[in-house]
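Below is one structure, written out as structure tokens, with a few remarks after it.
The values are calculated or read from the model by the stated rules, or taken from the named source; none is laboratory data. Because the structure is predicted, anything quoted here is derived from the model rather than measured.
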Amino acid sequence: AQSGEHLVNAFAQSRADDIERKANESVAKSSNRTNQLATFLTEQGYAASIETRPMGEQLCQHHCPIAHVAAEFPQLCEAETEAFSRILGTHVQRLATIAHGDGVCTTYIPNIKKTTSHKKITAGKASS
């Protein structure tokens, strides 16, 4: 079973790497990375959309071409989620999957807040 699981993990990672490589080509051209990722996924058969939430966005995949396989091998969903995080350059959290029996695959993407320091640096010392 160990070698079988290793093969499934390797396949899941290979598939995620392929998604990441192709999506990066598409997403790199856009100022709105999440919408472009949804457009890319829709082109791949996932019928994806973005929903705005108070503290971020949700990527919703209304169809999953691999749902029956992913139901047995959740590593596929896990690797895909990790790929989304790398593509978007932020932590994402999978909230639901079609493979798990949910109606939609949902991934939460938090807003990235750029914080600026209110401290002045003077001669190597911080002051408020």
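Here are the numbers for this structure:
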read-out	value
Candidate set from region 2-25 (those that are of a type in the set (D, E) and under 14 Å from the mean Cα position of the chain (by Cα)); member that is nearest to T39 (Cα to Cα)	E20
Residue check for A67: of a type outside the set (K, R) and under 13 Å from the mean Cα position of the chain (by Cα)	no
Residue satisfying condition, being under 23 Å from A10 (Cα atoms) and at pLDDT below 95, within set V92, V69	V69
